[in-house]
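**Student:** Please read through the structure below; I'll follow up with questions.
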Amino acid sequence: MLTRRQVLAGVASLVGSGVGLGGYALLEPYRLTITRWRVSPRNWPRGFKLTIALIADLHACEPWMSVDRIRHIVASTNDLAPDAVLLLGDFVAGDRMMRYSRHVAMADWAAPLGELEAPLGVHAVLGNHDWWEDDALQKSRKGSPRARTVLEDVGIPVYENDAVRVAKAGQGVWIAGLGDQWAYVNAWPRHGRPLYEGVHDLEATLCRVTDDAPVILMAHEPDVFPEVPDRVALTVSGHTHGGQVRLLGYAPVVTSCFGQRYAYGHLVENDRHLVVSGGLGVSRIPVRFGVPPEIVLVELHA
């Protein structure tokens with residue numbers, strides 16, 4: 001039979017553990033890890049190796065993702081010496097984060113990203129927050145987010161349903177970028193109108209591919225993956241933050257229409273490959289647990 005002292009000691013231990021876990025959740029956003037995946041797509045050119053670094057979901061804001069921290073992420077990415085760097089959107093922090101943080105000017109967070117280096121270039125798509133936090137754009141429903149302008153000002157091309165062909169050692173590769181799937185917010189969705197409306201067009205994006213070189217598709221949200229044909233060697237996404245909080249490999253909340261299905265990691269369906277980055281920043285609340293900020297390095301090979 002438990003004594004009163006034993007019960008009180010047990011309660012104190014649980015409280016202490018909770019405080020410790022809560023403290024770690026506030027510290028984890030400041031970590032930086034390198035996650036490596038080796039991917040062997042079907043029909044990938046034999047003997048051809050390609051490395052790509054993925055940077056997703058910076059959500060620039062003070063103090064959680066300061067300009068100095070972005071500089072550190074850029075330097076760490078350059079140290080990996082990837083063939084190409086792919087930026088997967090959500091450079092801007094959401095309004096909810098402003099309860100815990102301060103804005104970083106767009107030109108300030110874009111400047112260090114302009115220091116990224118890779119022989120096959122740096123390529124970007126925008127994320128939902130890059131669209132949502134642009135009030136004028138949400139009202140007018142036309143044009144491009146300001147985030148696109150500041151990235152292009154530092155020499156980083158931003159793709160919206162477009163593709164470019166690059167080459168390594170004579171082998172061509174297409175890098176394609178899908179428009180954001182959650183670009184516009186509908187305040188009063190009704191009569192079949194969705195809560196979010198996208199600017200994505202997968203068919204138009206792949207129509208930009210004009211030969212049989214392998215295709216790497218950047219799509220901020222992974223939800224498009226069931227529609228991606230096996231012509232695409234690899235789809236890379238961010239958006240979910242891996243759930244941002246994962247307990248024993250399970251994320252209670254995942255910002256995807258498919259829930260846990262595309263929450264995180266290297267996923268294979270019907271010989272089609274998807275890599276979902278856990279991202280680098282925080283959204284809604286300034287905590288991470290079990291999903292430390294990561295730069296993802298993908299090695300593609302036959």
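Please treat every number below as a calculation from the coordinates, not as lab data. All figures in this text were calculated on a predicted structure; none of them were measured in a lab. Here the Cβ positions follow ideal geometry from the backbone for every residue, glycine too, while neighbour counts run over all protein chains shown.
**Student:** Taking Cα centroids, how far is the range 166-182 from the range 276-293 in Å?
**Tutor:** 26 Å
**Student:** Could you tell me what a quarter of the Cα convex hull surface of the range 32-300 works out to, in nm² with one decimal place?
**Tutor:** If I average the Cα hull's projected area over directions, I get 13.9 nm².
**Student:** If you take every residue apart from VAL85 with its C-beta less than 13 Å away from the C-beta of VAL85, what net charge results, scoring Lys and Arg +1 and Asp and Glu -1?
**Tutor:** -4
**Student:** Taking the Cα centroid of the range 249-272 and of the range 213-230, what is the distance between the two, rounded to the nearest whole Å?
**Tutor:** With the range 249-272 and the range 213-230 each reduced to a Cα centre, they are spaced 14 Å.
**Student:** For ASP212, what is the net charge nearby, where nearby means another residue's Cβ is under 12 Å from its Cβ and Lys, Arg count +1, Asp, Glu -1?
**Tutor:** +1
**Student:** Moving on to the next point. Tell me what the chain gives for mean residue ellipticity at 222 nm when only DSSP H runs of n ≥ 4 count, each as -39,500 (n - 2.57), the sum divided by the residue total, rounded to 500 deg cm²/dmol.
**Tutor:** Helices in the chain give a 222 nm mean residue ellipticity of -7000 deg cm²/dmol.
**Student:** Hey, can you grab everything whose amide H is under 5 Å from the amide H of HIS273? Only 5+ residues off in sequence or another chain; H modelled, so Pro and N-termini drop out.
**Tutor:** THR235
**Student:** Taking every Cα atom in the range 149-302, find the radius of gyration and the maximum pairwise distance Dmax, and write them in Å.
**Tutor:** According to the Cα coordinates of the range 149-302, Rg and Dmax are 16.5, 53 Å.
**Student:** Which whole-Hz ³J(HN,Hα) couplings does the range 121-134 yield from phi under the Karplus relation 6.51 cos²θ - 1.76 cosθ + 1.60, θ = phi - 60°, glycine and proline marked x?
**Tutor:** Values, residue by residue: x, 10, 9, 9, 10, 9, x, 4, 5, 5, 8, 5, 7, 9 Hz.
**Student:** What net charge do the residues around THR51 carry, taking every other residue with its C-beta under 11 Å from that of THR51, with Lys and Arg at +1 and Asp and Glu at -1?
**Tutor:** +2
**Student:** Give me the extension gain from GLN171 to LEU80: residue separation times 0.36 nm, minus the current Cα-Cα distance, reported in nm with one decimal.
**Tutor:** Roughly 30.6 nm would be gained on extension.
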